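The next block holds one structure in the form of structure tokens; read it before the comments.
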Amino acid sequence: MKHLLKLLDCSSEEIISILDLADQLKYERKNGIPHPHLAGKSIGLIFEKSSTRTRVSFETGIYQLGGQPIFLSSRDLQIGRGEPVQDTARVLSRYLDGIMIRTFAQQEVEDLARYGTIPIINGLTDFCHPCQVLADLMTIRERYATLEGIKLAYIGDGNNMTNSLIVGGLKTGMTVSAARPEGYPPAPIVPEFAQGTPNFELTTDPKTAVAGADVVYTDTWASMGQEAEKEARIKAFQGYQVNDELMAFAKPEAMVQHCLPAYRGQEITDEVFEAHADELFEEAENRLHAQKAVMVLLMKDEK
């Protein structure tokens, strides 16, 4: 694995190897065991979309690995003023040991990998969010000790989270059921990937999706860049809220996941959020450990 651009590129074995290393790094961190695998390394963190969890977890993670983060907003780079991404990729490859980018277009991430000579990590695009889903899979596996046969129900927009959860879940042996309103489907390539898989269901009925679920997952109804659609989306997603009534269709001990930030009273009620707060914030913490694993696997020198 040279880059982390999207989970569609990863084999099942590669995903599991990331999760295994993340577990190890988390154990070491919790027990005060240093792991400076990336001493002397620098990673550039390009943010064309704002962030809380992505920025803090990557900056903290590379520091704990012995390396140095360099925060680069679109205001700081010539790429924000029209320099071609291929030129930026070739310049930064001569300064840095890796790049994490959080942006809009998936093609920009792909181009960085095509023209650069260092590992590229997708911190989020409009198409996918692989780092978040690695943390989600890690959290689910911590709870159930396996991913094989676990049912994940996603309720909400067919967005980057839906795309990545379907791919990541199916590649690790999970059953995935996604419910969204008509007109808000996942990217076409994702159902194509899942076609013929008996462990995948795409529906418009949240209750059908959640029935017998071990994990219920939701996300904001209006992602960054969709603010102008917010009111229309709130109307379209009525009936897709994760609340006590919907949770009654899941298994009694089902866990709840959300990539955050959560808009309580919209996609999830305050009551459900608080009842599952420990799971939700463990999931948020695991962004740190999963991303550290990705950085180590991509950026550590082979001996």
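Taking each residue of the stretch 203-232 that is under 15 Å from Gly169 (Cα atoms) and looking for partners that are surrounded by fewer than 23 Cβ atoms within 10 Å (Cβ to Cβ) and among the polar types (S, T, N, Q) with beta-carbon atoms closer than 6 Å, six or more apart or interchain, yields Ala209/Thr203. Quick check on the stretch 276-292: of everything there that is in contact with a strand residue (DSSP E or B) (Cβ under 7 Å, 6 or more places away or on another chain) and in a helix (DSSP H, G or I), which residue is nearest to Lys30 (Cα to Cα)? In this case the residue turns out to be Glu283.
One residue stands out among those in the stretch 255-268 that are part of a loop (DSSP other than H, G, I, E, B) and in contact with a helix residue (DSSP H, G or I) (Cβ under 7 Å, 6 or more places away or on another chain): the one that is surrounded by the most Cβ atoms within 10 Å (Cβ to Cβ), which is Cys259.
Among the residues of the stretch 36-81, those identified as buried (at least 17 other Cβ atoms within 10 Å of the Cβ) and in a loop (DSSP other than H, G, I, E, B) are His37, Leu38, Lys41, Glu48, Lys49, Leu65, Gly67, Leu77.
Name the single residue, out of those in the stretch 209-237 being charged (D, E, K, R) and surrounded by fewer than 17 Cβ atoms within 10 Å (Cβ to Cβ), that is nearest to His129 (Cα to Cα). Result: Glu227.
For the stretch 174-206, what are the residues that are surrounded by fewer than 18 Cβ atoms within 10 Å (Cβ to Cβ) and either polar (S, T, N, Q) or closer than 16 Å to Asp219 by Cα (or both)? The answer is Tyr184, Pro185, Gln195, Thr197, Asn199, Thr203, Thr204. Taking the listed residues Pro185, Pro181, Pro198, the one that is without any contact (Cβ under 8 Å) to a residue 60 or more places away in the chain, over 20 Å from His258 (Cα atoms) and not aliphatic (A, V, I, L, M) is Pro198, with no other qualifying. Residues that are closer than 14 Å to Leu165 by Cβ, at least 1 per element: which helices (runs of 4 or more DSSP H) completely within the stretch 179-247 meet that? Counting at least 1 such residues, we get 189-194, 206-210.
Listed conditions (1) assigned to a loop (DSSP other than H, G, I, E, B); (2) modelled with pLDDT under 95; (3) of a type outside the set (Val, Ile, Thr) are all met by Leu147, apart from (2).
When the stretch 5-35 is limited to residues that are in a helix (DSSP H, G or I) and more than 19 Å from the chain's Cα centre (by Cα), the one that is surrounded by the fewest Cβ atoms within 10 Å (Cβ to Cβ) turns out to be Lys30.
Table: residues versus (1) of a type in the set (Gly, Ala, Ser); (2) at pLDDT below 95; (3) over 30 Å from Ala262 (Cα atoms).
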{"site": "Leu45", "(1), (2), (3)": "no, no, no"}
{"site": "Ser51", "(1), (2), (3)": "yes, yes, no"}
{"site": "Gln78", "(1), (2), (3)": "no, yes, yes"}
{"site": "Glu83", "(1), (2), (3)": "no, yes, yes"}
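Screening Thr88, Thr162 for residues that are part of a helix (DSSP H, G or I), at pLDDT below 95 and buried (at least 19 other Cβ atoms within 10 Å of the Cβ) leaves exactly one candidate, Thr88.
The values are calculated or read from the model by the stated rules, or taken from the named source; none is laboratory data. What you see is a predicted model, and the numbers here were worked out from it, not measured in a lab. Reconstructed Cβ throughout: ideal geometry from the backbone, glycine too, with neighbour counts over all protein chains shown.
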